[in-house]
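Worksheet: one structure, shown below.
Just so you know, all these numbers are worked out from the coordinates, no wet-lab data involved. Predicted, not measured: the structure shown is a model, and the values here were computed from it. In this analysis, Cβ positions are derived from the backbone assuming ideal geometry, glycine residues included, and neighbour counts consider all displayed protein chains.
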Amino acid sequence: GAGVSQSPSNKVTEKGKDVELRCDPISGHTALYWYRQSLGQGLEFLIYFQGNSAPDKSGLPSDRFSAERTGGSVSTLTIQRTQQEDSAVYLCASSLVYGGGYDLANTGELFFGEGSRLTVL
Amino acid sequence: AQSVTQLGSHVSVSEGALVLLRCNYSSSVPPYLFWYVQYPNQGLQLLLKYTSAATLVKGINGFEAEFKKSETSFHLTKPSAHMSDAAEYFCAVANAGGTSYGKLTFGQGTILTVHP
């Protein structure tokens, strides 16, 4: 597609329910990232995918959070047993990786989607 | 560990006035530095980036930033503000080199308001 697409754009759920957030990166972008934007915490890195593998998942806040990526394309972020503190905007970004590999000077810019706003009641 | 401090959560300027958004960073390794802009209900868009080439970096929409290692700063400026510049601006830092990929540490953001 023309840009990074995320769905749903808004999700309201009850505490304790599971939610899935989807990210469709720009076609051909091998790197994919999830970030979380919340009041008081700002923008936080969650996880990085290169292809279908996740070399860095250090930002996932707890074992209730998981993410996968299939076919080197679409990624799903799953939050189990949601809590009120999970309320935030979840942003997905993708980028090309070329040249020297992981060096951000070579990877180009990150292209962000519009985010999925999650509200846990 | 890396960190970014943006001085001033809100900045207000008149149309045509100088825009100055302050960013200071802390990094134990050479940094890459970025400024992103976020318009309401939109994703983040890259304004400019410093990746160890020229210390004065020019970006889109007339913005520029200067990397000053001695001051650990990367302030964003624009000579003349336009109404369309009203948005939230984020400074971010990443490790330079082979492990940097897209793991950015962001500042808390500065909301820029432009008055007619």
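Tabulated results
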item	result
Label-point separation in nm, B:Thr5 to B:Ser80, each point 7 Å along Cα→Cβ	3.5 nm
Computed FRET value (nearest 0.05) for A:Arg22 with A:Gln83, which takes r as the C-beta separation and R₀ as 25 Å	0.75
Pairs of Lys in chain B closer than 17 Å at Cα, counting only those 8 or more apart or on different chains	7
Phi to ³J(HN,Hα) by Karplus 6.51 cos²θ - 1.76 cosθ + 1.60 over the range A:79-90, Hz, x for Gly, Pro	10, 9, 6, 3, 10, 4, 6, 7, 4, 4, 9, 9
Per-residue Cβ neighbour rank within 10 angstrom, fewest leading, A:Lys11, A:Lys57, B:Lys49	A:Lys57, A:Lys11, B:Lys49
log₁₀ of I(q)/I(0) at q = 0.08, 0.11, 0.17 Å⁻¹ - the protein assembly as shown, Debye sum with one point per alpha carbon	-0.29, -0.56, -1.27
Cα centroid of the range A:24-80 to Cα centroid of the range B:41-116, whole Å	23 Å
The range B:25-116, dipole about Cα centre (Lys/Arg Cβ +1, Asp/Glu Cβ -1), debye to the nearest 20	200 debye
Average silhouette area of chain A, convex hull of alpha-carbon atoms, in square nanometres	7.1 nm²
Cα principal axis extents for chain B, largest first, Å	45, 29, 22
Relative contact order [Cα under 8 Å, 6+ residues apart], chain B, whole percent	37 percent
Neighbour-count ranking [beta-carbon atoms within 10 angstrom, fewest first] of B:His82, A:His29	B:His82, A:His29
Candidates B:Ser27, B:Ser70, B:Ser80, ranked by Gaussian network fluctuation over chain B, Cα under 10 Å, top entry	B:Ser70
Packing-based exposure ordering (other Cβ within 10 Å, fewest first) of B:Ile111, A:Ile79	B:Ile111, A:Ile79
